[in-house]
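Each remark here refers to the structure printed beneath this line.
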Amino acid sequence: MTGGKMEIEVKVPVDCGEVGGLLERLKELGAAVEGPLREVDIYLLHPCRDVVARDEAVRVRLSGGRARLTYKGPRVGEGVKARLEVEADTEPRVLEVLEALGFREGLRVVKSRYYARLGRALVTLDKVEGLGCFVEVESLRSDPRDLEEAIGALGLAGRPLVTESYASMLAKRLGKL
């Protein structure tokens, strides 16, 4: 598959009471913060292929009247979450097209999210319904060193890192895996 990028990211679980201080820290570091935005991620099951068993994901993200269709390939490597990601901006009605093709909703992840660019990383502060709060850090150039730099700048070095997706964590919590 061509046209995608290698997504390299980690999550740091935080107490929801820390989010305000982290927002202030991002601003002190010169990051422009956008949000909070409400995002609804709808993970779809393929009609002929077990995407869960293959460690793949097909997702439609709804936010602000827009939609983004995403395919995520199987994870590669260790220590960070790294996987092929192919995305396309579209309209929310893409769900109707996919349902007509046999896709069906498997899981819905709802979150409130702040976005900030910090150096060569995209930092999001997420409150995920049913899971709690996280700082997600993604390299903008597919380099794990960018994650370490951003985590250090935010004062989160040494905290446990999570490489599991929100969908996977929520599915386990709901008994869907």
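The numbers here are math on the coordinates, done by the rules we state, and not lab data. Predicted model only: the values in this text are computed from it and were never measured. Here the Cβ is made from the backbone with ideal geometry for all residues, glycine too, and neighbour counts use every protein chain on show.
Please go through (1) more than 22 Å from V14 (Cα to Cα); (2) surrounded by 17 or more Cβ atoms within 10 Å (Cβ to Cβ) for L170 and return the number of the only condition it doesn't satisfy.
(1)
Could you list, in sequence order, the residues of the stretch 143-174 that are of a type outside the set (D, E, K, R) and under 23 Å from D41 (Cα atoms)?
L161, V162, T163, S165, Y166, A167, S168, M169, L170, A171, L174
Could you grab me the full set of residues in the stretch 96-145 that are of a type in the set (G, A, S) and in contact with a Cys (Cβ under 8 Å, 6 or more places away or on another chain)?
Those that are of a type in the set (G, A, S) and in contact with a Cys (Cβ under 8 Å, 6 or more places away or on another chain): G102, G132.
Say we look at the stretch 15-32 and pick out the residues that are of a type in the set (A, V, I, L, M) and part of a helix (DSSP H, G or I); which of these is farthest from G119 (Cα to Cα)?
Among residues in the stretch 15-32 that are of a type in the set (A, V, I, L, M) and part of a helix (DSSP H, G or I), the one farthest from G119 (Cα to Cα) is V19.
Restricting attention to the stretch 18-34, which residues are touching a residue at least 40 places away in the same chain (Cβ under 8 Å) and loosely packed, with under 12 Cβ neighbours inside 10 Å?
Scanning the stretch 18-34 gives a single hit, A32.
Just checking, which of T90, T70 is of a type outside the set (K, R) and touching an Asp or Glu at 6+ places or on another chain (Cβ under 6 Å)?
Going through T90, T70 in turn, the sole match is T70.
Hey, could you check the stretch 121-165 for residues that are in a helix (DSSP H, G or I) and of a type outside the set (A, V, I, L, M, F, W, C) and say which is surrounded by the most Cβ atoms within 10 Å (Cβ to Cβ)?
Looking at the filtered set, the residue picked out is D146.
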